[in-house]
Amino acid sequence: MTKRLRSYYNYIFAAVFGLGIFLRLILFIKNPSLFYDEASLALNITENSYTDLLKGLNYNQVAPPGFLLLSKFLYEILSPFNEYLRDLSLRIVPFISGIIVLPATYFFVSNLNKNKFIRAAALFVIAFNPLAINYCVQFKQYSLELLISIILLTTFYKIIFKNESNRYNILLIALAPWFSLSSIFVIASGLIIILKQNLKKAGAIFLPLVTSLLILYAVSIKYVLKMNFNSMIKCFEGAYGFLAFNHPLRIFIRFGELFSYNKIASIIFGIFILLSCIGYFIKGRIFLKKLFLLLPLILTLCVSLLHFYPLDARLVLFLLPVFAVCIAEYYYKLYPAVIIVFCMISFISSLCYFPAPTATSHREAVNYLTENINSSDRILIDADYNTYKYYMLNNPTEAEPVQIPFICGKSSQQPSCSEFITKLAPGRYYFIAPSKLPEEIIPVSVQIINYTPFNKSTVIYFDKKNN
């Protein structure tokens, strides 16, 4: 490679790193309101002790104990004094993880392939993946799980192909499940290959890993399974999260949702991704290398077929480095221009999706309510009660909120919401919803005193008189 061409690629790597970090930093500083599962997870951090966090979470939430304990520690150390800083402190772990993902990806792909075009393409796919950017600034564990996946893939590559097995690598593998539940797929894949290579080497990894897993099970997992397992399985079964032979498009949709939540676009993306993986496997490469990269995907699909692990986009984000390498290597040997087109589409997709996480405004809506509510007013909450509860931590009111049993943001349920409001007892009410609601949601027989829309939130103050 000429000096001029090396310089050209160095500029590309610098641009990808710089812009990737810049996009994540903008979202982190914007620090949008927590919503739904974020707020539910945040309530567990604020309400529970360190010990309680190990025993299973409330509000139908599940997260690895290391992520929970680290988040709780940072929250208490920083002691945020307002809602904005509290949200920011909770997002530190996902944000830092999302930033480290970029150099970790470069290092991982550099071990796999010395071709700078392939390295640049794989890095580009991850740097500008919409979901990777999104979960970098959401208070959820998936950004950390993506980072752990890349680190484990790099570690196992060194052990398998470079014979670099040392105590630090073994310790890292043993501790990974504490911070990433999905790490089990990568660890199991690596152990299967090492077991075939060298039984003694596999034993050196296996014993500390099993010890760590037994401790993890005793102090946390057994309580989590008892408290959350059945409810989570029912939740994902209801959301069509598991792979099924009678729904062949599901696998394309779920993997395609890593790049777009538009159904047609997700199917196209999903087909492209899986064709890349198949092409990577059947093309002429060292079989062990192909097995090393694709075995985590194969194990994930098998476990999902058994209805133990859902193929939800955020839950398969840890497979993104596998997809990125397959896309870059397969199409480089076939049609390099395809990679460039895909990278451009991925980049545009990330920019189009980029404003979505900033559009929530529940924090502002609840602050508006607490500043204006009177002691005699009552509160109605639409759908996202936990978000309301979370943002009321610093500014509680005397009014006891009532949750409406309908999602009033759905047009099909708005007539039921109007009927519910019609039957309310006389009085003045604040109706707060985590969505844009039309004034028409309030029946004509009810007097609207103030209608205040926010981005993705609405506060309506109305007077309900006797019928």
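The values are calculated or read from the model by the stated rules, or taken from the named source; none is laboratory data. All figures in this text were calculated on a predicted structure; none of them were measured in a lab. Reconstructed Cβ throughout: ideal geometry from the backbone, glycine too, with neighbour counts over all protein chains shown. Surface areas here come from the heavy atoms of the whole protein model, side chains and all, with no ligands, DNA or RNA. Shrake-Rupley method; radii C 1.70, N 1.55, O 1.52, S 1.80 Å.
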Checklist entry - How big, on average over all directions, is the shadow cast by the Cα convex hull of region 183-340, in nm²? => result 10.9
Checklist entry - Which whole-number percent of Cα pairs in region 1-159 have a distance greater than 25 Å? => result 38
Next on the checklist: Please list, in order along region 362-371, the HN-Hα scalar couplings obtained from phi with the Karplus expression 6.51 cos²θ - 1.76 cosθ + 1.60 (θ = phi - 60°), rounded to whole Hz, x for Gly and Pro.
Outcome noted: 5, 4, 5, 5, 5, 4, 4, 5, 5, 7
Checklist outcome for this item: Calculated from DSSP helices alone, with each H run of at least 4 adding -39500 (n - 2.57) and the total divided by the residues of the chain, [θ]222 nm to the nearest 500 comes to -19500 deg cm²/dmol
Checklist entry - Can you tell me the Rg and Dmax of region 156-230, counting just the alpha carbons, in angstroms? => result 13.4, 43
Checklist entry - Taking θ as phi - 60°, what are the ³J(HN,Hα) couplings along region 215-226 by the Karplus curve (6.51, -1.76, 1.60), each to the nearest whole Hz, with x for Gly and Pro? => result 5, 4, 5, 5, 8, 9, 4, 5, 6, 5, 4, 5
Next on the checklist: Restricting to Cα pairs below 8 Å that are 6+ residues apart, what does the relative contact order work out to for the chain? Please round to a whole percent.
Outcome noted: 17
Next on the checklist: Compute the angle between helix 92-112 and the longest alpha-carbon principal axis of the chain, please, reported from 0 to 90 degrees and rounded to the nearest 10.
Outcome noted: 20
Checklist entry - In terms of modelled amide H atoms, which long-range or inter-chain residues lie less than 5 Å from the amide H of residue 403? => result 381
Checklist entry - Once the Cα atoms of helix 320-334 and of the chain are each reduced to a long axis, what angle between those two axes, in degrees from 0 to 90 to the nearest 10, is obtained? => result 50
Checklist entry - Whole-Å semi-axes of region 271-345's equivalent ellipsoid, largest first, each the root of 5 times a Cα gyration tensor eigenvalue? => result 23, 16, 9
Item to check | R0 of 60 Å, Cβ-Cβ distance residue 234-residue 15: FRET efficiency to nearest 0.05 | outcome: 0.85
Checklist entry - Between residue 378 and residues 5 or more places away or on another chain, which pairs have amide H atoms under 5 Å apart, with H built 1.01 Å from N, and which residues are they? => result 428, 429, 430
Next on the checklist: Can you tell me the convex hull volume per residue for region 304-386, based on C-alpha atoms, in Å³ to the nearest whole number?
Outcome noted: 150
Item to check | For the chain, share of DSSP beta bridges that run antiparallel, in % to the nearest 5 | outcome: 65
Checklist entry - For the chain, with only Lys/Arg (+1) and Asp/Glu (-1) charged at the beta-carbon, what is the dipole magnitude about the Cα centre, in debye rounded to 20? => result 2380
Checklist entry - Per the 1.4 Å probe, what fraction of the accessible area of region 365-467, in percent, lies on carbon and sulfur atoms? => result 48
Checklist entry - Got the relative contact order for region 62-202 handy, in percent, Cα pairs under 8 Å and 6 or more residues apart? => result 28
Checklist entry - Helix 65-78 sits at what angle to the longest principal axis of the chain, using alpha carbons and giving 0 to 90 degrees rounded to 10? => result 60
Item to check | Net charge of neighbours whose Cβ lies under 12 Å from the Cβ of residue 384, counting Lys and Arg as +1 and Asp and Glu as -1 | outcome: -1
Next on the checklist: Report the gain in length on full extension from residue 85 to residue 419: 0.36 nm times residue separation, minus Cα-Cα distance, nm rounded to one decimal.
Outcome noted: 116.3 nm
Next on the checklist: What does the extension gain come out to for residue 7 and residue 445, with contour length at 0.36 nm per residue minus their alpha carbon separation?
Outcome noted: 150.6 nm
Checklist outcome for this item: Of all chymotrypsin sites (Phe, Trp or Tyr not before Pro) in region 41-84, the ones in DSSP coil with at most 14 other Cβ atoms within 10 Å are 81
Item to check | Stokes-Einstein translational diffusion, region 118-207 - Kirkwood Rh over all Cα pairs, 1.002 mPa s, 20 °C, in µm²/s | outcome: 151
Item to check | Positive-pole candidate from 12, 36, 54, dipole of region 1-77, charges at beta carbon | outcome: 12
Checklist outcome for this item: Sorted on mean Cβ neighbours within 10 Å (highest first), peptides 401-407, 118-124 come out as 118-124, 401-407
Checklist outcome for this item: A correct Stokes-Einstein calculation for region 3-81, using the alpha-carbon Kirkwood radius, 25 °C and 0.890 mPa s, returns a whole-number D in µm² s⁻¹ of 158
Checklist entry - Tell me, Kirkwood radius of the chain from alpha-carbon pair distances, in Å? => result 24.1
Checklist outcome for this item: Expected vector for region 386-391, Karplus 3J(HN,Hα) from phi with 6.51, -1.76, 1.60 and θ = phi - 60°, integer Hz, x for Gly and Pro, equals 5, 5, 4, 4, 4, 7
Checklist entry - Which of the trypsin sites (Lys or Arg not before Pro) across region 255-300 are loop residues per DSSP, with 16 or fewer other Cβ within 10 Å? => result 283, 285
Checklist entry - Between residue 218 and residue 171, what length in nm is gained on full extension when 0.36 nm per residue of separation is reduced by their alpha carbon distance? => result 15.0 nm
Checklist outcome for this item: In the structure shown, of 263/436; 410/436; 114/333; 114/290, the pairs separated by more than 21 angstrom at the C-alpha atoms are 263/436
